[in-house]
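The structure under discussion appears below in the form of structure tokens.
The values are calculated or read from the model by the stated rules, or taken from the named source; none is laboratory data. Please read all numbers here as calculations on a predicted model, not as lab measurements. As a convention, Cβ positions derive from the backbone with ideal geometry for all residues, glycine included, and neighbour counts pool all protein chains shown.
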């Protein structure tokens, strides 16, 4: 009991701060990744051969670009794009400095997940709307995205969990966060308790995000 | 109302050119129900999709109400498509939307205001008989009910034409009948012109005024439903007729019976169906008819009866009886073994 009290007194503020940093990193980069990834996913589907805006060049270019970015491990990407990060946010360290690589890492992933969600939508339904004389723009919004919602939410859940994993490496540019805490104190300084505590928090975090995602998706899915 | 002029559709695939529709002409008159029947792969699905240009014909023209739509730009085409409803084998409803929303969303998208949308959803759900399911999701409905929602969705746009792409093919026979009744009802009560494709002869039998038989992308035979049911010419047409009424006897049976007389198929249409002609024949001439098979087919515009008989007697009497039957308006065909 005493040990527990001592532990919380010593570590709670640090863990709390790390949690806030993780939430900041995940929240902000998720927001930007979604803003970039969703339209990119839609574009991937629409420019596919045989689709409404079929365009071999755009489709192949996007495909290649996404595959290249997705092949680079995050830790390499983080350093590789340092100049670009500096250009965009003016710094390469701290939470701010890690947002750019996190977005570049996650947005193509979301685009891919989005692509597979949208492709699941029954093409017959899209055709039925086309036959009713409804413009493609509205079909994308009111039919494609609407029908794909349950699957999109599951995809975003997967992306969010992946993003939490990537933030662990953010410590390398001094952005902090839970993963960094577990690494620096738990691993390097061998404070086993801190490591266990942060890992436990991460497990609970991932678990809750997955359950929320599953529940939300199930609620939207009507079959 | 719908005119197709020399419409062809060629698909370029990796395996080569596929001519799905070859130089097809058809003309659906206002207020009628026309049906295209054919086996799968005959090109009928491509053909019906050419009518609202879901499939752009490779060559040929499509006219709707006298206006050529094959030359319209996409904006004008969208406008035109609002007057052409379509229903599908797979229903194609939004899974994530209630019955109400499935009908209301397209109406909102074409710019109707809220009260108008509400009125139309209510009106057309009433017509298809699904008012009590307004808040259900498609997954909670049976196949027939889903098709009713799809029909209500098509009707709510108040089209002049309804295209039906195998709309009953996924349904059981009883449900098929109820959907056909509904199509007939909207044809009569709302005056909607219908072009349908099917591989089921009973669909043609129940609701079609005019029939096209399609084979390998060609229309090989066409005519009013009554003509086609009484005087089929092509083998394919006869095969389809066999699916609803057995018309064939085995050659060995015919050969055996021909020893003592003739084997005849008599076809009755309209007035001749009501008269006891066989009794008259046996009374008037020295022949005795023996009925081998018989059936009666109720078409939308009349009744067609088919009897295969064995007419026993000498050659002269048989000839006289045939003459008598022909004079009474009965179709007579001698069957050979």
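When you look at residue A:198, is it within 20 Å of residue A:75 (Cα to Cα) and either free of Cβ contacts under 8 Å to residues at least 60 places away in the same chain or surrounded by 22 or more Cβ atoms within 10 Å (Cβ to Cβ) (or both), yes or no?
Working: within 20 Å of residue A:75 (Cα to Cα): no; either free of Cβ contacts under 8 Å to residues at least 60 places away in the same chain or surrounded by 22 or more Cβ atoms within 10 Å (Cβ to Cβ) (or both): yes.
Criteria not met by residue A:198.
All of (1) surrounded by 15 or more Cβ atoms within 10 Å (Cβ to Cβ); (2) out of contact with any strand residue (DSSP E or B) (no Cβ under 6 Å at 6 or more places or on another chain); (3) modelled with pLDDT of 85 or more hold for residue B:237 with one exception: (2).
Can you name the residue in the stretch A:146-168 that is away from chain B (no Cβ under 11 Å) and without any contact (Cβ under 8 Å) to a residue 24 or more places away in the chain and is also surrounded by the most Cβ atoms within 10 Å (Cβ to Cβ) among such residues? Checking each candidate, the answer is A:168.
Filtering A:133, A:171 for residues that are crowded, with 18+ Cβ neighbours inside 10 Å, within 14 Å of chain B (Cβ to nearest Cβ) and at pLDDT below 95 leaves a single hit, A:133. Quick check on the stretch B:46-55. Is at least one of its residues more than 10 Å from every other protein chain (Cβ to nearest Cβ) and either in a loop (DSSP other than H, G, I, E, B) or over 29 Å from residue A:118 (Cα atoms) (or both)? Checking the stretch B:46-55: at least one residue is more than 10 Å from every other protein chain (Cβ to nearest Cβ) and either in a loop (DSSP other than H, G, I, E, B) or over 29 Å from residue A:118 (Cα atoms) (or both). Of the listed requirements (1) under 15 Å from the mean Cα position of the chain (by Cα); (2) free of Cβ contacts under 8 Å to residues at least 60 places away in the same chain, residue B:167 misses just one: (2). The residues of the stretch A:176-223 that are under 20 Å from residue A:26 (Cα atoms) and within 14 Å of chain B (Cβ to nearest Cβ) amount to a single one, A:216. When residue A:143 is tested against (1) closer than 26 Å to residue A:215 by Cβ; (2) within 14 Å of chain B (Cβ to nearest Cβ); (3) surrounded by fewer than 23 Cβ atoms within 10 Å (Cβ to Cβ), only condition (3) is not met.
Those residues that are within 27 Å of residue A:45 (Cβ to Cβ) and outside any helix (DSSP H, G or I), I need them from the stretch A:57-80; list them, please.
Within the stretch A:57-80, A:72 is the sole residue that qualifies.
Among the residues examined, residue B:197 qualifies as over 22 Å from residue B:126 (Cα atoms), crowded, with 23+ Cβ neighbours inside 10 Å and in contact with a helix residue (DSSP H, G or I) (Cβ under 6 Å, 6 or more places away or on another chain). The set of residues from the stretch A:1-47 being modelled with pLDDT under 90 and not in a helix (DSSP H, G or I) comprises just one member, A:1.
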